[in-house]
Amino acid sequence: MTMQYVSDLIDKKIDENPNFIRFTFYELRIKENLSEADTKMLIALAAQRLENNRYLIYKTGDTYVLDGKQKKVESNELLVAIK
């Protein structure tokens, strides 16, 4: 896993929806075929980059408010970022 790969994956998520970004276990471990260590590294790097771009970061088990509704980051979601 390279920094370019991480950057491209984050950019793709931002292009899809710049206000709400979600990384799921299935997406990273199954579809992208990342190891557990690579998944943890990607989540840490993504969280850092998104925080630097003024996103609020939530991880598994956290609660957040979206469109006036309180929601919980589910067990299959590794990271949720909201602008």
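Assorted remarks:
- Boolean, Ile30 is hydrophobic (A, V, I, L, M, F, W, C), surrounded by 11 or more Cβ atoms within 10 Å (Cβ to Cβ) and either modelled with pLDDT of 95 or more or on the phi < 0 side of the Ramachandran plot (or both): no
- Which listed residue, of Arg29, Arg54, Arg49, is in a helix (DSSP H, G or I) and in contact (Cβ under 8 Å) with a residue 24 or more places away in the chain: Arg49
- The residues of region 50-68 that are among the charged types (D, E, K, R) and modelled with pLDDT under 95 amount to a single one, Asp67.
- Contact map, region 60-82: first residue over 11 Å from Ile43 (Cβ atoms), second residue among the acidic types (Asp, Glu), Cβ cut-off under 7 Å, separation 6 or more or different chains; pairs are Val73/Asp62.
- Selection of region 42-55 for residues being open to solvent by 100 Å² or more (accessible area, probe 1.4 Å) and at negative phi yields Gln48, Glu51, Asn52.
The values are calculated or read from the model by the stated rules, or taken from the named source; none is laboratory data. This is a predicted model, so every value here is computed, not measured. Virtual Cβ from ideal backbone geometry, glycine too; neighbours counted across all protein chains shown. Surface areas here come from the heavy atoms of the whole protein model, side chains and all, with no ligands, DNA or RNA. Shrake-Rupley method; radii C 1.70, N 1.55, O 1.52, S 1.80 Å.
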